[in-house]
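Asker: Just passing along the structure, written as structure tokens.
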Amino acid sequence: MPTERERRFVGPRRAQLIFALFFVVVSILLLSQIGSQTKWVEKSKLFAQPRFWPAVGLGGMAVLGTMHLYLLPWRKVTRYDWWELRKWTQVLEFALWFLAYVLLVPMIGYLPVTLVFVPLLAWRMGYRDRRMLGLSVLFAVAVVVLFKGLLGVKIPGGAIYEYLPGALRSFFILYL
């Protein structure tokens, strides 16, 4: 049964305890590493120190996160908190898709990887109709043509193109 303090809490509950714990732990971990990640420059003003503003930011994160954690009216994680956390982790899946895409483009090439990833992501998001998958392939081609052809974005050619014969190799590296 919720206490009076828990009932009077204005904000939504939605995994705040887990988030606050994570926030405090990460900010303290980053603050503990600041000595090896930044420098203290001799004969320089305090506010001009490379270490000063990151230390202020991380110190504020640690202190304010701890205050938030202390002021929360509950101390137990419920199953609803875990459900909310599961929703948060689903977002990380798409970050992993993006990282895989970024890692594969220099190896395989921009066009082939885009032609594979866009329909795969469309499938993953629930667009399983043949027409939608075809549109996703057309969209992938349009993106490559727009970025490489019209906008002239310098995206490195795939390392796999190095195994192609002379003229074909340079065409693939420049345009695909």
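The values are calculated or read from the model by the stated rules, or taken from the named source; none is laboratory data. Remember, it's a predicted structure, so these values are computed and weren't measured experimentally. So basically every Cβ, Gly included, is an ideal-geometry build from the backbone, and we count neighbours across all protein chains shown.
Asker: Of all residues in segment 1-48 being of a type in the set (Val, Ile, Thr) and in a loop (DSSP other than H, G, I, E, B), which is surrounded by the most Cβ atoms within 10 Å (Cβ to Cβ)? Show your work before the answer.
Answerer: Kept after step one, since they are of a type in the set (Val, Ile, Thr), are these residues of segment 1-48: 3, 10, 18, 24-26, 28, 34, 38, 41.
Pick out the ones that are also in a loop (DSSP other than H, G, I, E, B) and you get 3, 10, 38, 41.
Details: THR3: 10, VAL10: 4, THR38: 15, VAL41: 11.
Once the filter is applied, the top-ranked residue is THR38.
Asker: Six or more apart or on different chains, Cβ atoms under 7 Å: show the pairs whose first residue is in segment 33-59 and within 21 Å of PHE23 (Cβ to Cβ) and free of Cβ contacts under 8 Å to residues at least 12 places away in the same chain and whose second is small (Gly, Ala, Ser) and in a helix (DSSP H, G or I).
Answerer: Filtered contacts from segment 33-59: no entries.
Asker: Among the numbered conditions (1) surrounded by 10 or more Cβ atoms within 10 Å (Cβ to Cβ); (2) within 30 Å of PHE22 (Cβ to Cβ), tell me where GLY126 comes up short.
Answerer: Going through the list (1) surrounded by 10 or more Cβ atoms within 10 Å (Cβ to Cβ); (2) within 30 Å of PHE22 (Cβ to Cβ), GLY126 breaks only (1).
Asker: Can you pull out every residue in segment 95-118 that is β-branched (Val, Ile, Thr) and exposed (fewer than 11 other Cβ atoms within 10 Å of the Cβ)?
Answerer: VAL102, the sole residue that qualifies.
Asker: Would you say LEU92 is surrounded by 11 or more Cβ atoms within 10 Å (Cβ to Cβ) and in a helix (DSSP H, G or I)?
Answerer: It is false that LEU92 is surrounded by 11 or more Cβ atoms within 10 Å (Cβ to Cβ) and in a helix (DSSP H, G or I).
Asker: Kindly provide the set of residues from segment 141-176 that are within 14 Å of VAL105 (Cβ to Cβ) and either at pLDDT 95 or above or loosely packed, with under 13 Cβ neighbours inside 10 Å (or both), ordered by number.
Answerer: Listed by number, the residues that qualify are VAL153, LYS154, PRO156, ALA159.
Asker: Provide a single number: the residues in segment 49-86 that are part of a helix (DSSP H, G or I) and surrounded by 11 or more Cβ atoms within 10 Å (Cβ to Cβ).
Answerer: Result for segment 49-86: 24.
Asker: Same structure again: What are the residue pairs meeting all of these: first residue in segment 123-138, first residue at pLDDT 95 or above, second residue surrounded by 13 or more Cβ atoms within 10 Å (Cβ to Cβ) and among the β-branched types (Val, Ile, Thr), Cβ atoms under 8 Å, and 6 or more apart or on different chains?
Answerer: Every condition considered, the pairs that remain are SER136/VAL118; VAL137/VAL118.
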